[in-house]
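Colleague: One structure, as structure tokens, below. Some questions next.
Computed from the coordinates by the stated procedures, all read-outs in this text should not be read as laboratory data. Computed from a predicted structure; not experimentally measured. FYI the Cβ positions are ideal-geometry reconstructions off the backbone, even for glycines, and counts take in every protein chain you see.
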Amino acid sequence: MNKAITDGLVLMPPPFSAGLTLWSSGNGVPGDPAYQGQPNAALVTNDQDFGGCLELQKVSTTQKLRSFAQTPFQPGMYLRVTARIKAVSGNLPSVRIAAWAGSITSTNVAGVPQTGAAVTLTSYGDVVTVQAIIGSGSRQGVDLIWGTAPVYAHIGLDLTGANGGVVRIDDLVVEDVTEVFHRKMMDWVDVRDFGAIGNGIADDLAAFEAADAAAAGRSILISAGTYLINGNLTLNAPVRFEGTLSMADQFRLACTRNYDLDTYAAAFGSELAGFRKALQALFYFTDHVAFDLSGRRVDLTGPLDIAAIAGLDTFQQRRVIRNGFLNAVADPAWTTADVTSVATYTPATATTTLTGVVNVANVPVGALVIGTGVGREVYVTAKNVGAGTLTLSQPLWGAAGTRSYTFRRFRYMLDFSGFALLTRFEIEEIELQANGIASAILLPTAGGTFRIADCTFNTPLDRAITSSGSGCQGMFVDQCQFLSNEQALPAQARTSIALNVNANDVKLRNNRAVRFAHFAVMNGTGHLILGNHFFQGDEEVSGVRRAGLVLTQTNVSTVITGNYVDNCFVEWGNEHDAAPEFNNEFSFGGLNIVGNVFIASNVATFFRWIVIKPYGPDHFLNGFSLIGNSFRVFNGAADRVEMVDTTQSSLDMTKARNVRVDGNSFNQIGQSIMNPIRVSHTQNTAADPWTVDASPFLPFGGRVRMVEAVMPEGAITNAANASRYLQPNATVGAGVQGNQASLRWGEAVKGRVTVVLRMDNPT
């Protein structure tokens with residue numbers, strides 16, 4: 001910084017040759033005496049050392065020399081005053097730089113020092129240089145510390161010591177030396193001071209490394225220019241970019257003190273380029289686990305292949321991206337790829353493999369598999385071109401033989417599928433604005449504890465979160481919002497899905513999903529589905545409703561609690577089973593649906609909230625709870641809340657075990673259900689046996705498998721109204737459908753009893 005250059009300030013006092021009327025023997029203020037015409041002062045024009053100069057005889061105790069000109073002074077400014085002087089004859093005096101400090105009111109600022117250190121002249125003819133620095137700040141090397149009160153100075157010098165001596169003085173020089181103090185005043189170093197060229201051609205890596213090493217607690221300024229960095233660069237000092245960097249894809253930039261999108265966007269000239277480089281660095285940092293998008297938007301013109309950006313296919317340390325907005329911008333790169341091919345499926349020997357795949361090289365890994373006998377959300381996890389095989393994420397329930405398949409590869413804003421193994425990755429407080437042209441997140445092929453929290457998935461074209469392999473193991477999806485791109489469509493016309501799961505132990509908690517085809521399609525076991533609100537209604541009268549939650553395994557060990565299930569239902573089937581018939585494995589069990597709110601509006605009476613759909617015969621219920629839920633219909637009514645979808649097969653109700661349905665409330669529901677079932681039976685005519693019909697209350701159209709208790713309400717009497725004290729025996733599974741119980745008393749009696757029946761065997 002030089003104020004004489006940048007602000008046009010005139011700092012130099014006039015030369016002596018301009019006339020001694022411009023120089024004072026006082027303080028230089030108006031009214032002080034000038035040296036013009038004084039007998040002890042004269043101009044010399046041809047001094048051998050100075051050329052033109054002032055010859056001055058010391059006649060006062062302090063012989064002052066001050067310029068009448070006002071040298072401007074500003075806070076933050078540092079002026080160096082230089083005088084060159086030599087003794088000519090007589091006594092040898094001492095000399096010091098001096099300056100009168102003037103305030104904004106043209107009065108002297110008496111509280112600041114106005115003379116420098118004195119230097120004694122020791123010989124005749126030797127040129128002595130005397131200097132002093134005047135500055136506003138108390139810094140090392142500043143002689144006259146003035147603060148902020150002075151606004152100008154009358155610059156000069158003093159002669160002290162014995163009188164009578166004659167000296168010659170060269171023109172005084174005043175320089176702005178503020179830049180000398182930059183390294184101490186400013187907390188940055190500039191890479192150009194360390195050899196950086198910034199022309200985009202010369203390799204500036206060494207200069208950047210030198211600047212970083214010299215920063216020593218200060219920051220680094222990357223001044224204007226384009227800097228080629230031909231290697232990996234780590235900057236340990238804070239950094240500020242005015243210029244930009246040019247780096248090949250394989251080279252990494254690690255800004256260890258400014259690891260955020262603001263810095264990387266400035267470094268590479270755009271948010272997208274900066275985001276890519278910052279993601280690359282994320283996988284190599286040892287002192288940062290989180291990348292902050294600084295609350296900014298990044299426009300994506302195509303999918304980001306995170307593994308390719310990182311240059312890795314395995315990573316097992318916690319990493320986080322947070323706090324920003326990813327926005328998909330229309331581009332051909334988002335186009336979904338469809339490949340149709342013929343392949344063979346042999347469930348007996350290869351439950352997750354397609355063989356003999358025609359044109360297997362053209363089938364993209366990560367593609368959705370579509371075809372007859374294929375369950376929902378089955379994906380290609382790997383391919384072997386030489387063997388002509390595809391590995392699938394799930395078995396196919398009904399695709400034995402050779403047939404045609406469609407392989408549909410969606411395009412994802414964040415595509416992690418290139419990782420063969422990725423664990424503990426987290427995405428939080430990110431909005432993924434897909435704009436109906438892209439899907440959002442494709443999980444790694446394998447891994448665990450992927451966490452997505454406080455994110456918004458806005459209008460994904462096909463999928464919000466996809467698991468094409470087992471990278472969803474132990475996944476957390478917490479407090480996210482899923483907003484469908486198909487909200488205007490009738491429910492039956494929608495195809496987009498918020499998320500799917502292939503592995504175990506997933507936590508879906510406190511999310512909100514609006515009008516997808518399905519909220520979640522979930523294979524695996526051990527899931528916790530808590531506090532979510534998912535609704536899938538439409539404006540249709542008596543409209544069709546779709547499943548909100550789809551569970552695709554028989555024994556799920558899953559809890560569904562505290563959710564708001566709105567105009568959709570829970571479907572429980574085994575569509576990801578290569579042999580869907582019961583074959584001595586665990587059948588439908590381990591599901592606890594507790595304390596949820598189920599509502600529906602404008603639905604037909606055949607609508608149901610709990611649907612079990614077996615894809616093969618002989619399955620049964622073995623451990624199921626439906627407790628403390630609230631069911632309500634608005635603008636209509638439903639016959640029941642539950643059903644078995646027998647499209648593919650039915651349940652064997654003769655094997656039901658450990659089923660508990662209790663404490664639920666039913667509003668605008670034609671028939672409530674429970675298990676155990678408490679019914680009152682009145683026998684008005686003496687008979688033996690009595691037939692107790694519990695069929696309306698039996699969940700899922702079950703059979704009566706047990707009578708737990710029979711309690712008379714009042715007297716049991718014979719035809720003559722004589723009281724009889726009898727204990728009946730019970731026959732279960734009576735009636736054509738097995739949904740009645742027969743009470744045998746040993747004689748014809750009549751009366752009223754409360755009967756507790758079960759549609760299961762609890763042991």
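Colleague: Quote the charge dipole size of the range 484-667 about the Cα centre in Debye, to the nearest 20; the model charges only the Cβ of Lys and Arg (+1) and of Asp and Glu (-1).
Modeller: Rounded to the nearest 20 debye, it is 480 debye.
Colleague: Still on this structure: Kirkwood Rh over alpha-carbon pairs of the range 677-758, then Stokes-Einstein at 37 °C and 0.692 mPa s: what D in µm² s⁻¹, rounded to an integer?
Modeller: 259 µm²/s
Colleague: Now for a different question. Of Leu20, Leu626, Ala207, which is farthest along the charge dipole of the chain in the positive direction, counting Lys and Arg as +1 and Asp and Glu as -1 at C-beta?
Modeller: Leu626
Colleague: In whole percent, what relative contact order does the chain give with Cα contacts below 8 Å and a gap of six or more residues?
Modeller: Across the chain, relative contact order equals 6 percent.
Colleague: By how many nm would the segment from Val594 to Thr449 grow when fully extended, if each residue of separation counts as 0.36 nm and the alpha-carbon distance is taken off?
Modeller: The Val594-Thr449 span can extend by a further 49.7 nm.
Colleague: Rounded to the nearest Å, what's the spacing between the alpha carbon centres of the range 116-135 and the range 308-373? Just the number, please.
Modeller: The two parts, judged by their Cα centres, are 82 Å apart.
Colleague: Turning to a different aspect of this structure: So how do 416-422, 220-226 stack up, highest first, on mean other-Cβ count within 10 Å?
Modeller: Output ranking for 416-422, 220-226: 416-422, 220-226.
Colleague: Next up: What's the exposure ranking of Met653, Met711, going from fewest to most Cβ atoms within 10 Å?
Modeller: Fewest-to-most ranking of Met653, Met711: Met711, Met653.
Colleague: Quick one: pull the percentage of alpha-carbon pairs in the range 545-588 with a separation above 18 Å.
Modeller: 36 percent
Colleague: Okay, moving on. Got a sec? Charge dipole of the chain, +1 on Cβ for Lys and Arg, -1 for Asp and Glu; which of Phe181, Ser467, Asn327 is way out at the positive end?
Modeller: After comparing all options, I get Ser467.
Colleague: What ranking do Cys255, Cys472 get, fewest neighbouring Cβ atoms within 10 angstrom at the top?
Modeller: Listed from fewest to most nearby Cβ atoms, that is Cys255, Cys472.
Colleague: Taking neighbour Cβ counts within 10 Å as the exposure measure, how do His518, His681 sort from fewest upward?
Modeller: Starting with the residue having the fewest Cβ neighbours, the order is His681, His518.
Colleague: Taking θ as phi - 60°, what are the ³J(HN,Hα) couplings along the range 372-388 by the Karplus curve (6.51, -1.76, 1.60), each to the nearest whole Hz, with x for Gly and Pro?
Modeller: Computed from phi, the couplings for the range 372-388 are 4, x, 9, x, 5, 6, 9, 10, 7, 9, 6, 9, 10, 5, x, 8, x Hz.
Colleague: Under a crude label model (7 Å from the Cα following the beta-carbon direction), how far is Ser223 from Gln671 in nanometres?
Modeller: Label-label distance for Ser223 and Gln671, simple model: 8.6 nm.
Colleague: Please compute the length gained on full extension between Phe476 and Asp305, using 0.36 nm multiplied by the number of residues separating them and subtracting their Cα-Cα distance.
Modeller: My answer for the length gained is 59.4 nm.
Colleague: Over the C-alpha atoms of the range 511-559, what are the Rg and the largest Cα-to-Cα span, Dmax, in Å?
Modeller: 12.5, 37
Colleague: 7 Å from Cα along Cα→Cβ at both Gln131 and Ala18: what's the point-to-point distance in nm?
Modeller: That separation, rounded to one decimal, is 2.3 nm.
Colleague: Going 7 Å from the Cα of Leu92 along its beta-carbon direction, which residues of the range 128-164 have the amide nitrogen within less than 16 Å of the resulting point?
Modeller: Under cut-off, by backbone N: 128-130, 160-164.
Colleague: Could you check the spin-label model distance between Asp47 and Asp187? Points 7 Å from the Cα along Cα→Cβ, value in nm.
Modeller: Using points 7 Å along Cα→Cβ, the separation is 4.7 nm.
Colleague: Shifting gears a bit: Sort out for me the Cα centre separation of the range 242-277 from the range 505-533, rounded to whole Å.
Modeller: 37 Å
Colleague: Just one of (i) 43.3, 161; (ii) 44.9, 159; (iii) 25.4, 84 is Rg and Dmax of the Cα atoms in Å as worked out from the coordinates here. Which one is it?
Modeller: (ii)
Colleague: What is the calculated FRET efficiency for Gln250 to Asn163, with r their C-beta to C-beta distance and R₀ = 60 Å, to the nearest 0.05?
Modeller: Using R0 = 60 Å, I get an efficiency of 0.15.
Colleague: Where does the chain land at 222 nm, in deg cm²/dmol rounded to the nearest 500, when only DSSP H runs of n ≥ 4 count, each adding -39500 (n - 2.57), divided by all residues?
Modeller: -1500 deg cm²/dmol
Colleague: Could you give the alpha-carbon Rg of the range 3-183 over 2.2 N^0.38 Å, rounded to two decimals?
Modeller: 0.99
Colleague: Please list, in chain and number order, the residues 5+ apart from His619 or on another chain whose amide H is under 5 Å from its amide H, with Hs placed from the backbone.
Modeller: Those qualifying (amide H under 5 Å, at least 5 residues apart or on another chain) are Phe582, Asp652.
Colleague: In terms of Cα to Cα distance under 12 Å, which aspartates and glutamates are near enough to Lys507, apart from those fewer than 8 places away along the same chain?
Modeller: Cross-link targets: Asp478.
Colleague: Take the alpha carbon atoms of the range 714-763, find their center, do the same for the range 631-661, and report the distance between the two centers in whole angstrom.
Modeller: Result: 27 Å between the Cα centres.
Colleague: Now for a separate question. Would you mind checking which residues have amide H under 5 Å from Gly589's amide H? H placed 1.01 Å from N; only 5 or more apart, or other chain.
Modeller: Long-range HN contacts for Gly589: Asn555, Val556, Asn622.
Colleague: Of the beta bridges DSSP finds with both residues in the range 3-183, what % are antiparallel, to the nearest 5?
Modeller: 95 percent
Colleague: Next up: By how many nm would the segment from Tyr725 to Gln317 grow when fully extended, if each residue of separation counts as 0.36 nm and the alpha-carbon distance is taken off?
Modeller: 139.5 nm
Colleague: Starting at 0 and stepping by 10 Å, how many percent of the alpha carbon pairs of the range 484-667 end up in each bin?
Modeller: 10, 38, 39, 13, 0
Colleague: Okay, moving on. Could you tell me what percent of the DSSP beta bridges with both partners in the chain are antiparallel, to the nearest 5?
Modeller: Once the DSSP bridges in the chain are tallied, antiparallel ones form about 45 percent.
Colleague: Between Val59 and Val112, take the C-beta separation as r, use R0 = 25 Å, and let me know the FRET efficiency to the nearest 0.05.
Modeller: 0.35
Colleague: Note down the magnitude of the dipole of the chain about its Cα centre, charges +1 on Lys and Arg C-beta and -1 on Asp and Glu C-beta and zero elsewhere, to the nearest 20 debye.
Modeller: 1520 debye
Colleague: Any idea which of Phe457, Thr314, Met247 is furthest toward the positive side of the dipole for the chain, if Lys and Arg beta-carbons carry +1 and Asp and Glu beta-carbons -1?
Modeller: Phe457
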